[in-house]
1. Suppose R0 equals 45 Å; then what is the FRET efficiency for ARG120 and GLU237 from their Cβ-Cβ distance, rounded to the nearest 0.05?
2. Which FRET efficiency value, to the nearest 0.05, do you get for VAL184 and ILE255 by plugging their Cβ-Cβ distance into 1/(1 + (r/R0)^6) with R0 = 22 Å?
3. For the stretch 75-89 and the stretch 120-176, write down the distance between their C-alpha centroids in whole Å.
4. Which of the peptides 226-236, 78-88, 33-43 is most tightly packed, and how do the rest follow, judged by the mean count of other Cβ atoms within 10 Å per residue?
5. Can you give the FRET efficiency to the nearest 0.05 for GLN33 and ASP211, using r as the Cβ-Cβ distance and R₀ = 30 Å?
6. Report the far tail of the P(r) of the stretch 123-216, meaning the percent of Cα-Cα pairs longer than 21 Å.
7. Quote the relative contact order of the stretch 31-152 in percent (integer), defining contacts as alpha-carbon pairs under 8 Å separated by 6+ residues.
8. I need the peptides 12-18, 144-150 ranked by packing, meaning the mean over residues of other C-beta atoms within 10 angstrom, with the highest value on top.
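Bear in mind these aren't lab numbers, they're just calculated from the coordinates by the rules spelled out. Bear in mind the structure is a predicted one, so any value in this text is a computation, not a measurement. Note: ideal-geometry Cβ built from the backbone for every residue, glycine included; neighbour counts use all protein chains shown.
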Amino acid sequence: MSMRDNVPLVQTVGLRRYFFSKPGFLARTLAGQRERTTKAVDGVDLFIHEGETLGLVGESGCGKSTLGRVIVGLYPPTAGQVLYEGRAEPGGQMIFQNPYASLNPRHTVRQILGFCLEKRGVPLEDRESESVRLLERVGLTALHLDQYPRQFSGGQRQRIGVARALAMRPRFIVADEPVSALDVSVQAQILNLLEGLQEETGVSFLLISHDLAVVHHMSHRVAVMYLGKIVETGRTESLFENPAHPYTQALLSAIPRLGKTKSARIRLQGTVPSAVDPPPGCRFQTRCPHKMDVCVEMEPRPVGVKGDPGHVVWCHLRA
Ligand SMILES: Nc1ncnc2c1ncn2[C@@H]1O[C@H](COP(=O)(O)OP(=O)(O)O)[C@@H](O)[C@H]1O
Ligand SMILES: [Mg+2]
């Protein structure tokens with residue numbers, strides 16, 4: 001193993017992304033509202049190696065999409081850094097949940113891919129042949145070049161979304177709920193396409209999904225996110241077979257097929273608290289069935305799970 005193999009392809013260091021919102025005049029004067037800060041991503045350290053898929057799971061609103069967008073450079077970080085092979089250069093492409101919303105309805109596939117190829121510096125005379133190559137790679141053909149997004153099925157549209165990402169020859173792709181909007185019968189086709197691309201090219205994925213079966217099937221490692229923070233990470237098998245964080249245990253207990261734990265379903269109280277005013281100490285304390293005094297007083301530090309390298313949990317119970 002060379003030195004380079006030890007440097008992750010992508011790494012985030014203390015990454016934060018806050019959204020600041022100014023209330024309107026009425027809210028300010030009548031309701032006395034002040035500026036609000038949504039701490040969507042609040043101190044995330046993770047890494048992804050070449051050829052690896054890191055699955056990112058967590059309930060809606062916990063900051064998954066924001067994290068993905070900051071990592072590929074669509075949003076600037078509020079604090080912290082994203083490193084590509086140890087350098088602070090933006091890189092990576094994004095595949096979105098809803099290909100229909102992310103493809104301009106007035107542009108043909110030729111135009112959509114052409115823009116990307118132009119950005120990559122592919123000369124005009126080579127763009128058609130390169131576009132056809134991209135289409136064939138995602139299971140479409142030259143016949144689709146002059147069609148508009150509305151003329152395609154959902155699955156085909158997502159294939160165009162994948163081709164568009166590939167047009168930039170990325171080594172890293174954030175796939176944000178890439179199959180959530182698709183019929184179940186089509187989901188596997190798109191997931192197989194992504195897996196095949198990884199085998200061929202060694203591209204790395206951050207795979208964001210609320211579907212744990214999808215993440216279990218696709219990921220080498222998994223990170224569990226709760227209210228702007230990672231609460232547990234580890235190899236997929238370890239994390240699914242031996243979840244250490246009460247939040248992960250609750251998530252997995254909802255799908256007994258996957259988790260080997262025979263325990264009954266753990267029902268979490270309430271919903272995810274607001275990222276505007278996260279609870280002190282451990283953010284999960286307001287819903288945790290094992291809450292202790294220290295959980296309110298101190299933020300948990302990362303603890304390695306014994307006998308399982310790379311399996312790390314942020315929980316006072318394990319300290
Ligand atoms: N562009 C934005 N402006 C303001 N708040 C946002 C924006 N995007 C996301 N948020 C807020 O950040 C938090 C995390 O959202 P998001 O990253 O979309 O979560 P997830 O993808 O896990 O559902 C939520 O509270 C959401 O309302
Ligand atoms: Mg999202």
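1. Details: r = 37 Å, r/R0 = 0.83.
Efficiency, rounded to the nearest 0.05: 0.75.
2. Given R0 = 22 Å and the Cβ-Cβ separation, E is 0.90.
3. Cα centres, the stretch 75-89 to the stretch 120-176: 28 Å.
4. 226-236, 33-43, 78-88
5. 0.25
6. Value for the stretch 123-216 (Cα pairs over 21 Å): 33 percent.
7. 18
8. In descending order of packing, they fall as 12-18, 144-150.
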